[in-house]
Amino acid sequence: MTRLTSSEKELFEEVRQNRLKAAETFNNRLFSGLFRATADIYPDPAHFVYELLQNADDVEADSVEFILDKDVLYFKHNGKIKFNVTSDNKKPLGHINSITAYLSSKDDNSGNKIGKFGLGFKSVFVYSDAPEIYDDKFWFKIEQQIVPTLLDHDHSLRRD
């Protein structure tokens, strides 16, 4: 069974390439403060917990679970709205586009609640350099706060 269609793979790769170009700019010392400033936006270092709960609520989850393991935190929910991806110039933007950007997508009346400003989820980068996300179709990690990379395996805890 094919997990992603060829169109979804192409769109994901398009977003990845766009974010790699942006990351190159942001990693330039003249712009590197943007990535560092994200960690300073929220006064509570555990703010990412609220953001994860908000994202779960955005996708209509009615159950969430935090699992602590040695040096790892897993967050699970049963959200009904699944991740999608679009071209970056399409409205409404896909969830993967939004979560890997610095922009507002909640204000476009699209029903796309994930990634209001593209900042909330970024609070996880205080604790993780490359958080992984496992959806029914999309398994990916986010590097450099904005660069999505497909993973070739599902996570065993997701199926529990």
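A few points about this structure:
One line per residue, one yes/no per condition, for (1) exposed (fewer than 12 other Cβ atoms within 10 Å of the Cβ); (2) among the hydrophobic types (A, V, I, L, M, F, W, C); (3) part of a helix (DSSP H, G or I):
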{"residue": "Lys9", "(1), (2), (3)": "no, no, yes"}
{"residue": "Glu13", "(1), (2), (3)": "no, no, yes"}
{"residue": "Arg19", "(1), (2), (3)": "no, no, yes"}
{"residue": "Ala22", "(1), (2), (3)": "no, yes, yes"}
{"residue": "Ala37", "(1), (2), (3)": "yes, yes, yes"}
{"residue": "Tyr50", "(1), (2), (3)": "no, no, yes"}
{"residue": "Ala61", "(1), (2), (3)": "no, yes, no"}
{"residue": "Leu73", "(1), (2), (3)": "no, yes, no"}
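- Restricted to the stretch 107-139, and to residues there that are modelled with pLDDT of 90 or more, touching a strand residue (DSSP E or B) at 6+ places or on another chain (Cβ under 9 Å) and within 17 Å of Gly79 (Cα to Cα), the residue that is surrounded by the fewest Cβ atoms within 10 Å (Cβ to Cβ) is Glu132.
The values are calculated or read from the model by the stated rules, or taken from the named source; none is laboratory data. As the structure is a computational prediction, the values presented were derived from the model and not from experiment. No Cβ is skipped: glycine too gets one built from the backbone with ideal geometry, and neighbour counts run over all protein chains shown.
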